[in-house]
Each structure stands twice: as structure tokens, then as C-alpha cells.
Amino acid sequence: MIGKIRELLGVDIKEEKYALTDDPLFGKIAKAKKPDRWVKSTCGYCGVGCGLYIGVKDGRATYTKGDPKHPVNIGTLCPKGLSEHQMLYASNRTLRPKIRKNGKLVDVSWDEAFGYTAQKFQEIQERYGKGALAVISTGQLLTEEFYALGKFVQLGLQTNNYDGNTTLCMASAVMGYKQSFGSDGPPGSYEDIAKADVIFVIGANLADNHPIIVHHLMKNRKDKKIVVIDPRRSKTSQLADIYVPIKPRTDLALLNGLAYIIWEQGWYDEAFIKDRTEGWREFVGHIQNYKPGEVAHITGLDTKLLYQLAKLYATSKKSLICWTMGINQSAQGTDTVSAINNLAIMTGKIGKEGCAPFSITGQCNAMGTREFGFTSAIPGYRKFESEKDRQEYADLIGIPIDRIPTRRGYKYSEIIDAIDRGEIKALWVVCTNPLVSFPDQNKLRRALKKLDLLVVQDAFMSDTAQIADVIFAAATWGEKEGTYTNSERRVNKANKAVEPLGDSKSDFDIILELSEHFGLRNLLFAGWKEPRDAFEEIRRISKGRLCDYSGMTYEKIEALGGIQWPCNDKYPQGCTRLYGENMPFEHEDGKARFIAADWKPLEEPVSKAYPVLLNTGRTVEHFHTRTKTGQIAILDNLAPEAWIDINPKDAAKLGVKNYDRVTLKSPRGKVENLVVRVTNLVAPGQVFVPFHYNTQLVNTLTQSLFDPISGEPNYKQTAVQIVSEKCPQGLTLEEEIAGELTMEQEGKAQKRTSTKEGQEA
Ligand SMILES: Nc1nc2c(c(=O)[nH]1)N[C@H]1C(S)=C(S)[C@@H](COP(=O)(O)OP(=O)(O)OC[C@H]3O[C@@H](n4cnc5c(=O)[nH]c(N)nc54)[C@H](O)[C@@H]3O)O[C@H]1N2
Ligand SMILES: Nc1nc2c(c(=O)[nH]1)N[C@H]1C(S)=C(S)[C@@H](COP(=O)(O)OP(=O)(O)OC[C@H]3O[C@@H](n4cnc5c(=O)[nH]c(N)nc54)[C@H](O)[C@@H]3O)O[C@H]1N2
Ligand code: SF4
Ligand SMILES: [Mo]
């Protein structure tokens, strides 16, 4: 039996990876693995920010366990956290730097890798201009590394064509917060999730992707109402009191509609609106277009439900809205985020216990790059456009102001377009794997072929590393030190438990040593030896800013189990929530803004050729492009390949059952060999496929369609066709939708007038 279980779990007893407690070998293995020491650290996967201990035996990481004293997770971890130490020893780690010679990647010394790269970067920049070099980074380095990288790229290499995978992820939340409140920065805390009376979870599948937040969600469960708004019956929706099966990407209409009802019923907070906001009058004019009948039509929801939701949110004492990619990853992401903020400020549900418009972050340090990464802002939430901000920062670090760019350069997708046009010639990719994660893969791959030089800095032989000209072999989590900021602005300490594997180096050391080859180390990093030196500069340059670290030290962070910024003389222990009574909003006048934005239908709606809407996302076992989780047997064996969720009605039409294989096609490409899962979790006409797998690369299908403000891709809605062996012609369009499309095409679509029915509710 145990042998069988081992076989099923892919257990290799020789590697002493797993043993079951009733296994006779268990005692022996447990003893052999018993750590010599435990190193306190923080999980390096997602933005929840769980505290943990890494067990080390003979210089190898052998265990991970939750820190019972850490306020985020109180000893618990999700499956990825629990197996995190195994990630370090995957066979796909990059162990030494490499250069492509005669078409093959060969090991070289660090000196050669740095020397070659520096020479190439310089040649390209001299010949084509500074901006011909672009850099794409990540949300997964340590804050000290982000800060070093940002300084090096913006001030040293002097290219502002610098962005990160966070533009695929959190950019809409960032820009939405900026529009509404004058600055980035999630105002809430996990404590608010625990204490709220009502929680709206919109476009977020916490149960799979932020599992430990679910502990906070479940606190005081019987006294709270949970509403999950998602076109798909996600695992999280199964925890809800009210599940709201919204039509894909109609959230902005829903939120405007809820605002209308709250206004109509007088459920708003007049004093808060008067004292702390701007733009109310215009906003009230705007929402007149979102009467319940119209909104019911757009969203597919019943008007009674709309009234119920508006009432719940506005009239409960403590109401919180949290969201993630179902909102951000949309061509209307930024405005939808602001629409969430509108609801919070019209009801005064911000800056108070249990209240917040709360963007949950994705990667372990998506926040750190927002604070000090120098991509979309000058470190410390300063603006490129503001001369005052530029001067202040230049003075603080002692460099001439003219080194600081006066505007942000190209965003991620604009960088790819500029490569395609031949304008950008060299690309340095740090800690991200576009060859799986970026939309419209065929276009991306075409563009990358035009580069003169591709440098990839990765801890694993990612798909992108495999096509690189130069590889910088990076150390990863557990092998290096610094801080991560989690979703609730909590700065946590991550520590080094073991030495970098092989000849790999921490990203911090890579950046500092590379800067020497440009003669820039003294200008940018004078006296810096270790991450702590960067942290000390961060404390100094953030003093007085919203993301104030001045009151933090490494030691204090560890002692308190993380510290939520701002942390300074006023908030020596950190600050639980932003924008309370004594904290003005960050616009010049201290007030929040109502943002009047209109919902728009899909740019690429379903059609006769592509009658099904594809939704993409995640599963609990895997992290993104699987470089970290693909070789951890206990995770990978549970989800070894991509599947497609299909509604029983559509499955019947296609003549497919569970475990059959189908092909998906979009105007941009096709994905074959997807395993069918027939399920009511998706509605008819909609399918869901995880995006993790390079073997069934779903981003071949997704569009080059981006939010105009944030630049975030519209990953969640793609019109596709499904074909199966039995049904090679694929599905036909639902009659009702087909009818509507024809009407619209013929210009006969009538604007529906709203009905009065909802007002009875
Ligand atoms: N296991 C695991 N955990 C992770 C990650 C991982 O790769 N694996 N990645 C981390 C990162 S970087 C991120 S960004 C987060 C992402 O965490 P989530 O945002 O929770 O992840 P997704 O699965 O991409 O999408 C969330 C939900 O949006 C819904 N959705 C799709 N379209 C719409 C729509 O039009 N409206 C609404 N309201 N909802 C919609 C989807 O059905 C899905 O349930 O997870 C983090 N945690
Ligand atoms: N269709 C679709 N596509 C999506 C999404 C979706 O929902 N649907 N979600 C998007 C989102 S939210 C995100 S965040 C992106 C994520 O997309 P990516 O950023 O491409 O995904 P990761 O696999 O996390 O890539 C991180 C890379 O860094 C490497 N790495 C790990 N640790 C270190 C380290 O310490 N140093 C260095 N230098 N490298 C390291 C890993 O091996 C890996 O290659 O995907 C996006 N793509
Ligand atoms: S919830 Fe996130 S931070 Fe916590 S253990 Fe899991 S992956 Fe790590
Ligand atoms: Mo993300």
C-alpha cells in the first residue's frame, strides 16, 4: 500500500523527499533529515507573505514549516510553502553563467559573462541611443534588489524603457489607486478581512491562490456575509453566502450600477463625501446611465440581486471589497479598480476597521517593486513628472537631477512593440518568463527573434533562458537576504538559509558586480556590500513618504513578525490601515476623487468562428510558469498538465466526456491536447484553462489587448473555438447571442431602457 502511495506520489525514497509516518522507513528518514538549525524567513511564492522556518541539515534545506508566531499565518502554510525547500534542488536550476557560442549555450566565468554583456550593452547604446536597451523585471526579487536594479537601470544605464511582469498583474490596481487616492498603496489589512461584516470578493480565487488569506476570511464566519463575484464557480465561490455569476468583464457596469442604487436609496455617507472627496456631483450625473434594468441586462444579473448587493455593502457597518486578476487583467482594469474605490468613498468605507477597497497582491514582492523598484515611479512613490520629487530624490542620494528621467518609458507591451519595430535592440529579462506568461505568444516570439542581444537572469532554465544569448545564474529564495512587502503593506524579512547553489549569485550581487563593469558602482552604490546597505538607503529616502520605512530596522521587523508601512515616529509599530480620519488622501488637496468611467463591451466578442469565451488563471499546486513547482513531485503529480473546464451542455454538443482531448483555436493560434473536465463550474459558452503549462501554451491564444492606462493585458476573455475528434467543425454560437450580434451588425441594436422592477426590491 505504502509502496503504491509512494509510486502515486512519485516518491523517491533515495532522495529522502517524502516518507509517510506509518512507513517503517519514516523514523530513519526523519532522523536523517532532522535539521541542524532552523532559519526564520518568509515564503517566496505569493503576496500573502507567510512567515516560516527553513530547516537546514548539512548545508542543505530539508524542511519548511510555518512560523506559529507570525501574524499572517500563525503557523500554517499552503502546499507550495510547505514544499518550498524542494524547489532549490530541482534539476532545472541555472548553476553557472552562460553565453551562446556557435548557437549553443556554454558555461563561462562570471567575469566573461559580465564583461561580454557590458560591452554589448555599451555598443548597442552608443550606436542606437540609450533607449535601445530595455529591461523587464518582476515582482519576485527582494526590495533591496529591486532598488539596486532600478538605480542601475534608470540612473546608470539611463534607459527608462524599464518595466516588469507586474504590468501583467498589479498595474491596474496601482493606476486605479493613483486615480482615486493620489497614490498607490492598498489601504487595508488582513485584520480588516477578519473583522468585516460583509466582504465582496471580486475576480479573486483566494482558495487556490491566496489560501492563507482564507483563514482570515473564515474568522467570525457566522457573523459575516461573503459575496463572491466571478463568472466561474471557483473554489472560493463555494465558500460564499452569495455567489454572483456575472457575465465576463461586466464588473465596471455592475459597480457603477451599485453606486446608482446606493445614491438612489440615499445609502451614501454625505459627511464623508463632503469632507474628503471631490467630483461627487459629476459622478452622480454619470451613474444615471447605470440604472438597474440596464445593468441587469449588461451583467446578466437579476435586479433584485443588484439591490440586495448594494444594500448589503452600503448599510453594513464594516464592508470590504477585495479583488485580484478578474478585475486587474482587463482592458478596463484601471477604471474598474477606481469603480471599486468609488463605492468605498461614497459610503465612507475606508480607513476604518473592517473597511477597505483592498487589492490583494500576487507575487511575493509585487509591493516592493511598486514602492522602490523605479519602474513606474521614482522610489518612495515619487512622480517622474514632478520636478520637486526629482530634485528631492537626487539630493537624497547625491546624484545630478538630470540623471533622473522626466517621464516613464515604455510599458512592457510597448517594449515588445518597440523590439518588433527594430527600435529596441537589447533586452535584459530579470526573474520573469515571458515565453509562457506574456499574451499573444506568436507575436512575442516573432519580436524577440529581432533582438541583437537577449540577457536572461534566472534561477532556473526557464523557457526564456533557453533562447537567451547570455544567462546570469541567479540564486533564489532561501539563498539570499532582504525584505518582501506583502498585500497588507507588511514588510517581512527573508533570510539566507543555505549558500547559492553551484556558482549562482544573488540578484543583488549580480547587479552590483555588473555595475562595476560600467564604472558605475561608486556613483550608485558607494559603500554598499550587502542588502542591509540598500535597506538603510531605502529608510532614508522613504522618510516622510506614504511608504515610510524610516522607523524600521531588520531586527525590529523580525521581532514584530513584519511591519506595515508607514513606520516612523508617528507609527513606530507600523500602521494597520491607510486614510483614517487623521490621514489625508494623497492628492494635493488631500481628497479622494470620484472617477466617472463607462463600461465597454468586449473588443473581441464571441463570433460564429469563435463562439466560446476562454477564461485563464491558476491552480493551487502550481506557480506561474512552473519553473519552481514543475519538479516538486507532490505538487506536479496533482496537476501534471493543462485541462479545460467545459460545461456539460457544450460537452454534449462536442461529443466529449471527461479525459477526452480537445483543441482550442483563436485568431492567433491553437492549443492542442487539452484534457476535458466536464463541469458545471463554468457556464455554457465559457471555458477555463490554467496558464501554467508551456506544453499547452494558452497564451498562444490570448490577445494583444491592453488597458490604455495601466498597460495590463486582457487575459481573462478571449474568443475561441473548441474542436474535438467527434466535432471537428466545433461549436455553433448560442442562438440568443447570434441574434444579438446580427442585430448589432445591422445597426439595429436598440439601447435598452432601464426598467423600474428593481426598485421594488
Ligand atoms: N497557486 C498559485 N497561487 C498564486 C499564483 C500562482 O501562480 N499559483 N500566482 C500569484 C499571482 S502573481 C497572482 S497575480 C495571484 C492571482 O490570483 P487570482 O486573481 O485569484 O488568480 P486567477 O486564477 O488568475 O483569477 C482569479 C479569478 O478571476 C476570475 N475572473 C475571470 N474573468 C472575470 C471577470 O470578468 N469578472 C470577475 N469578477 N472575475 C473574473 C476567474 O474565473 C478566477 O476565478 O495569485 C498568486 N498566487
Ligand atoms: N493567460 C494568462 N497569462 C498570465 C496570467 C493569467 O492569469 N493568464 N497572469 C499573469 C500574472 S498575474 C503574472 S504575475 C505573470 C507571471 O509570469 P512570470 O513572471 O513569467 O512567471 P514566473 O514563473 O513566476 O517567472 C519568474 C521567473 O523567475 C525565476 N526566478 C525565481 N526565483 C528567482 C530569483 O530569485 N532570481 C531570479 N533572477 N530569477 C528567479 C523563475 O525561475 C521564473 O523563470 O503571468 C501573467 N500571465
Ligand atoms: S499562501 Fe502564499 S505566502 Fe503563504 S505559504 Fe502559500 S504561497 Fe506561501
Ligand atoms: Mo501576478
State whether one or more residues within the range 421-435 are without any contact (Cβ under 8 Å) to a residue 40 or more places away in the chain and open to solvent by less than 10 Å² (accessible area, probe 1.4 Å).
no
In a helix (DSSP H, G or I), among the hydrophobic types (A, V, I, L, M, F, W, C) and touching a Leu at 6+ places or on another chain (Cβ under 9 Å): which single residue out of LEU305, LEU301, LEU312, LEU343 fits that description?
LEU343
Any residue in the range 358-368 that is open to solvent by 10 Å² or more (accessible area, probe 1.4 Å), in contact (Cβ under 8 Å) with a residue 40 or more places away in the chain and near ligand 1 (Cβ under 10 Å from one of its atoms)?
yes
Looking at (1) in the same structural domain as TRP477 (by TED's automatic domain parsing); (2) in a helix (DSSP H, G or I); (3) in contact (Cβ under 8 Å) with a residue 24 or more places away in the chain, find the lone condition where GLY81 falls short.
(1)
Answer with yes or no whether PHE384 is open to solvent by less than 10 Å² (accessible area, probe 1.4 Å), part of a loop (DSSP other than H, G, I, E, B) and either within 30 Å of GLU536 (Cα to Cα) or within 16 Å of ligand 1 (Cβ to nearest atom) (or both).
yes
Yes/no for ARG577 being of a type in the set (D, E, K, R), over 26 Å from TYR549 (Cβ atoms) and open to solvent by 40 Å² or more (accessible area, probe 1.4 Å)
no
Would you mind finding the one in ILE242, ILE202 that is within 16 Å of ligand 1 (Cβ to nearest atom), open to solvent by 10 Å² or more (accessible area, probe 1.4 Å) and of a type outside the set (Lys, Arg)?
ILE242
Looking at LYS247, LYS291, LYS274, which is the one that is open to solvent by 40 Å² or more (accessible area, probe 1.4 Å) and under 30 Å from the mean Cα position of the chain (by Cα)?
LYS247
Looking at the range 318-368, which of its residues are touching a Lys or Arg at 6+ places or on another chain (Cβ under 7 Å), among the hydroxyl-bearing types (Ser, Thr, Tyr) and more than 16 Å from MET175 (Cβ to Cβ)?
SER319
Exactly one of VAL698, VAL682 is open to solvent by less than 40 Å² (accessible area, probe 1.4 Å) and closer than 30 Å to MET87 by Cα, and that residue is VAL698
State which residue pairs qualify: first residue in contact (Cβ under 8 Å) with a residue 60 or more places away in the chain and inside the range 139-154, second residue open to solvent by 10 Å² or more (accessible area, probe 1.4 Å) and among the hydrophobic types (A, V, I, L, M, F, W, C) in any location, beta carbons under 6 Å apart, and separation of 6 or more residues or different chains.
GLN140/CYS431; LEU141/CYS431
When residues of the range 640-658 are limited to those that are touching a strand residue (DSSP E or B) at 6+ places or on another chain (Cβ under 8 Å) and within 17 Å of THR695 (Cα to Cα), the one most open to solvent (accessible area, probe 1.4 Å):
GLU641
Can you name the residue in the range 202-232 that is in contact with a Leu (Cβ under 8 Å, 6 or more places away or on another chain) and within 16 Å of ligand 3 (Cβ to nearest atom) and, of all such residues, is nearest to CYS169 (Cα to Cα)?
LEU206
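The values are calculated or read from the model by the stated rules, or taken from the named source; none is laboratory data. Keep in mind it's a predicted model, so treat the numbers as computed, not measured. Cβ sites come from the backbone with ideal geometry, for glycine too, and all protein chains shown count toward neighbours. For accessibility, only protein heavy atoms count, side chains too; no ligands or nucleic acids. Shrake-Rupley method; radii C 1.70, N 1.55, O 1.52, S 1.80 Å.
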